[in-house]
Amino acid sequence: MKIKEIRTQIQNYLDRIPAEKREFLFRIWTIVSKIFKWTYCIVEKAFRIVLLGLILYSIAFTLVATYGIFKVVSYGYDIYTDVEELKYSQPEKSHYMEALQDSSPNLVIKQEFVPLDSISPYLKKAVLASEDAGFYFHPGFDVRAIAEALDANQARGKTKFGGSTITQQLAKNMFLSNERSWERKFKELAYALLMEKELGKDRILELYLNYAQWGPDIFGCQMACKEYYHKSCSKLSMDQAINMAAVLASPGKHNPRMRTSQFMASRRAVIYQNMFFHRDSSLVDSLKDLNSPPPPPPAPDSISNDDTTGTIDVSPASEAPVPSGDE
C-alpha cells in the first residue's frame, strides 16, 4: 500500500469524526506531543550529562589508578632498596635509634656491631625462646601468634597488636615508627616478607641482636654484655643469656642484673618454659651447636643473681608456652 493511499484513508477516517470530538483529540495530541518533546529533551540532556560523567569518571579513575600504581611501585622500590642495603652493610643507626636521639638530644646512644658467629649460642637460644621460638620455620610472620594476639586484644577491649616475629620487630626498628596503626602493620609485613627473601634467617637474627634495645641508651648485645657483665657477648653463660633475653620485653625499665623484679622473674620463667617446650624442635634445629639441653629452671625461692653460680630468680611457669612479640 502506498503512502498516499494511507494518508487518504486516515483523512477519510478523520472526516467521519464529529468536529467537537476531532478538536478534543487534536488538543490531546498537542499535549502528548509536547510531553514527548519535553521528555526527549530531558532524556537527551540526561544522556549527555551521564555520558560526560562517565567520561570524566573514566579520566579520574585512570589518573587515580595511575597515581596509585606509581605510589605502590615507588614505595615497593623504596622497601627493596632499604632491604638491599642491609645485605652487606651495617647502618650506623636504626630508625628507632634516630627517633630516640631526636626526642632526647642529650642522650648518648651506645652500640657496637659483632658478627653472628661471635655471639654466644646461649644468647641466640634464649632470645629465640623469648621473642620468636618459630623463627627458623615461619616466612616472616606467624599466623598463630597473630591470631592469639588478636584474641588477647579482643579480650582486653584494646587494639595493642602484638604477635610480631623477630623479622617484623627488626623491620619496625630499622625502618618504621612506633605508631599503632594498620598501615604501619602492613608496611611492617611488606618489609618482613622481603627481608626473609633477600637476607635469610641468619642475617636477620644477626641484625636483630645488634640493633635491639637492651637498655635506655644501650643497643646491640655486645654493648649490653659489656655494660652489664663486663665481657664480650661470646662469653655469656646460659643464665646470663636468659637474663639478657628477658630484658627485651621492656628494655627501657629493666636490666639483666635486677634481682627482685617480678617482671624479670616472670620473663625468665617464660624463657625457660619455651626452651623446654621447643628443645626437640625449633631451638635445637636452629642451634645445633648446643649438644646439651638447658638446665632445669631453679626453684621459685632462689633469689640470687651471682655470675659465678648462674642462679637466678624465676617464678613458676605455667603449663603452656607464652608467645612473645612487640606491640
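Could you pull out the residue among ILE55, ILE17, ILE10, ILE6 that is at pLDDT 80 or above, out of contact with any strand residue (DSSP E or B) (no Cβ under 9 Å at 6 or more places or on another chain) and at negative phi?
Numbers: ILE17 fails: at pLDDT 80 or above; ILE10 fails: at pLDDT 80 or above; ILE6 fails: at pLDDT 80 or above.
None of the others qualify; the one that does is ILE55.
Filtering segment 128-162 down to residues that are within 18 Å of ALA245 (Cβ to Cβ) and modelled with pLDDT under 70, which residue is surrounded by the fewest Cβ atoms within 10 Å (Cβ to Cβ)?
GLY162
The values are calculated or read from the model by the stated rules, or taken from the named source; none is laboratory data. Keep in mind the model is a prediction, meaning the values are calculated, not measured. Positions of Cβ are backbone-derived with ideal geometry, glycine not excepted, and every protein chain shown enters the neighbour counts.
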